[in-house]
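Derivation of every value follows stated rules applied to the coordinates shown; laboratory data play no part. Source: prediction; values computed, not measured. Note that each Cβ is placed from the backbone with ideal geometry, even for glycine, and that neighbours are counted across all protein chains shown.
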Amino acid sequence: MVGKKETGKTMRGLQVLALACALLVSLPAWADTRIGVVDLRKALFSSEDAKAFSQQLQQDFAGTEEEVRKAQQEARDLQERLQTDGAMMNESERQQLTAEFQQKAQAFAQKKQQLDQTLNSRKQAFLEEARPEVDAAVKELMEEHDLDIVLPSETVVTVKPELNLTEELLEKLNQ
């Protein structure tokens, strides 16, 4: 009588053998697969559209960024004053300065958070708007190079230079 352990080992052995056979049979198919690699982020953010978008963002938010920097500097100045002069102040002066510092620090944090959220929202909108153009350019590259798969460079450990199509993708995006 064969025990359950032996039957389990036999079944696992058969499964491993079946998997190995399947891999051996599919190896020739993988050998014929043509793969390209692109750094989507680099190509997209190096494009002329992205540069124009970035310049527009800088123009649109220059005033807001200045307000954030000003709020940050005011908070730092109060903090430095507390550190250098706090020991010489009476308790009420120190409490008043501490409250003012906390108010400035909170205002800075709030303005910075609002700016970051707005910038991230605009960047996300840009990415969503650019997505169809990027997809079309990648599809063109696939057809031009007779590729079966195009992988993002983040998923690849190393690639031959001739298989890295990032520069070609950037050229297509700039057309």
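Pull up segment 35-81, narrow it to residues that are among the aliphatic types (A, V, I, L, M) and under 30 Å from Glu143 (Cα atoms), then point me to the one that is surrounded by the fewest Cβ atoms within 10 Å (Cβ to Cβ).
Ala52
Where residues in segment 153-164 are in contact with a helix residue (DSSP H, G or I) (Cβ under 9 Å, 6 or more places away or on another chain) and either in a helix (DSSP H, G or I) or free of Cβ contacts under 8 Å to residues at least 60 places away in the same chain (or both), which of them is farthest from Ala43 (Cα to Cα)?
If we take residues in segment 153-164 being in contact with a helix residue (DSSP H, G or I) (Cβ under 9 Å, 6 or more places away or on another chain) and either in a helix (DSSP H, G or I) or free of Cβ contacts under 8 Å to residues at least 60 places away in the same chain (or both), then Glu154 is farthest from Ala43 (Cα to Cα).
Which one is surrounded by the fewest Cβ atoms within 10 Å (Cβ to Cβ) among residues in segment 128-150 that are touching a residue at least 60 places away in the same chain (Cβ under 8 Å) and over 26 Å from Phe53 (Cα atoms)?
Checking each candidate, the answer is Asp146.
Mind checking which residues of segment 115-152 are assigned to a helix (DSSP H, G or I), of a type in the set (A, V, I, L, M, F, W, C) and out of contact with any Lys or Arg (no Cβ under 6 Å at 6 or more places or on another chain)?
Result: Leu115, Leu119, Ala125, Phe126, Leu127, Ala130, Val134, Ala136, Val138, Leu141, Met142.
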